[in-house]
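Structure first, commentary second.
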Amino acid sequence: MGESLTEKGRETQLRNIEQKTGRTFAELKALIAATGLSRHGEIRDHLKATLGLGHGDANALTHYALGSDGESRAAVAGASAEDVLADIYAGPKAALRPIHDRFIAALGSFGAYETAPKKGYVSLRRKKQFVMVGPGPKGTVEIGFNMKGVEPTARLAALPPGGMCQFRTRVTEAAEIDAELIAWARIAFDAAG
């Protein structure tokens, strides 16, 4: 599959930043590391002041350098999707990974879709996102669904309009990846195609 427009846009923006500053991305990352700054806003403001970048370019460069924008994290940091997943489910969240894996395995018969690891979750997409899955609060895996014509239940919460998903459920163990939950994923999958 070819590059997405978003990936091409990021590459173009990064090349433009390299031209404006006269430094390669590796040199810019080293410059950021040498500042000792770790907070996004501090780094962005430092880049604006020292390199004369506008807010948008300084913000983007900070995201690229830190690998923190979700969209370009794996590509910019050179990490595979598996590396990003390992990072999402690291430390105390490691116990949640089997739930995630069981959910993804259950979608195997649906057909083709794109898996896009983000900073703290994974987006599953066809023509548009149909599911997002990742660690939730208090030892849960949160699964968001984009679907219409479904009534909320005690297990399936409706979310406010304008968010990334229309419904959400939280799962605490792999056994909860059952026929009802997979049916919701199927409705969302079919609607996204």
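Since every read-out is calculated from the coordinates, none of them should be taken as a lab result. The model shown is predicted, which means the values in this text are computed figures rather than measured ones. Here the Cβ positions follow ideal geometry from the backbone for every residue, glycine too, while neighbour counts run over all protein chains shown.
From the phi angles alone, apply the Karplus equation (6.51, -1.76, 1.60; θ = phi - 60°) to segment 50-55 and give each ³J(HN,Hα) in whole Hz, x where the residue is Gly or Pro.
Here the 3J(HN,Hα) series is 8, 10, x, 6, x, 4 Hz.
Run the numbers for Thr140 and Ala154: contour at 0.36 nm per residue of separation, minus the present Cα-Cα distance, in nm.
Residue separation times 0.36 nm, minus the Cα-Cα distance, leaves 3.4 nm.
Can you count the Lys pairs in segment 82-191 whose Cα atoms are under 23 Å apart, with each pair 8 or more apart or on different chains?
Eligible lysine pairs with Cα atoms under 23 Å apart amount to 11.
Hey, how many Å between the Cα centroid of segment 125-143 and the Cα centroid of segment 36-68?
Computed from Cα coordinates, the inter-centre distance equals 29 Å.
Among Gly139, Tyr121, Ala49, pick out the residue whose Cα is farthest towards the positive end of the charge dipole of the chain, where Lys and Arg carry +1 and Asp and Glu carry -1 on C-beta, about the Cα centre.
Ala49
For Ala86 paired with Arg102, estimate the spin-label separation in nm (one decimal), with each label point 7 Å from Cα along the Cα-to-Cβ line.
Those two pseudo-labels are separated by 2.4 nm.
Once the Cα atoms of helix 179-191 and of the chain are each reduced to a long axis, what angle between those two axes, in degrees from 0 to 90 to the nearest 10, is obtained?
60 degrees
If you look at just the Cα atoms of the chain, how large are its Rg and its Dmax in Å?
19.2, 57
Of the peptides 11-18, 57-64, 97-104, how do they stack up when ordered by the mean number of other Cβ atoms within 10 Å, highest first?
By packing density, highest mean first, the sequence is 57-64, 97-104, 11-18.
Return the calculated 222 nm mean residue ellipticity for the chain, to the nearest 500 deg cm²/dmol, obtained by summing -39500 (n - 2.57) across DSSP H runs with n ≥ 4 and dividing by the residue count. Write down the numbers at each step before the final one.
On the way: 8 runs with 88 residues, N = 193.
Helix contribution divided over all residues of the chain: -14000 deg cm²/dmol.
About its Cα centre, how strong a charge dipole does the chain have in debye, to the nearest 20, once Lys and Arg get +1 and Asp and Glu get -1 at the Cβ?
Roughly 340 debye for the chain.
Please list, in order along segment 105-110, the HN-Hα scalar couplings obtained from phi with the Karplus expression 6.51 cos²θ - 1.76 cosθ + 1.60 (θ = phi - 60°), rounded to whole Hz, x for Gly and Pro.
4, 5, 8, x, 8, 5
Between Arg15 and Ala175, with labels modelled 7 Å along Cα→Cβ, what's the label distance in nm to one decimal, could you check?
5.5 nm
When a/c is below 1.5 the answer is rounded, else prolate if a/b is larger than b/c, else oblate, so apply that to segment 96-193 with a ≥ b ≥ c taken from the square roots of the Cα gyration tensor eigenvalues.
It is rounded, given that a/c, with a ≥ b ≥ c, falls under 1.5.
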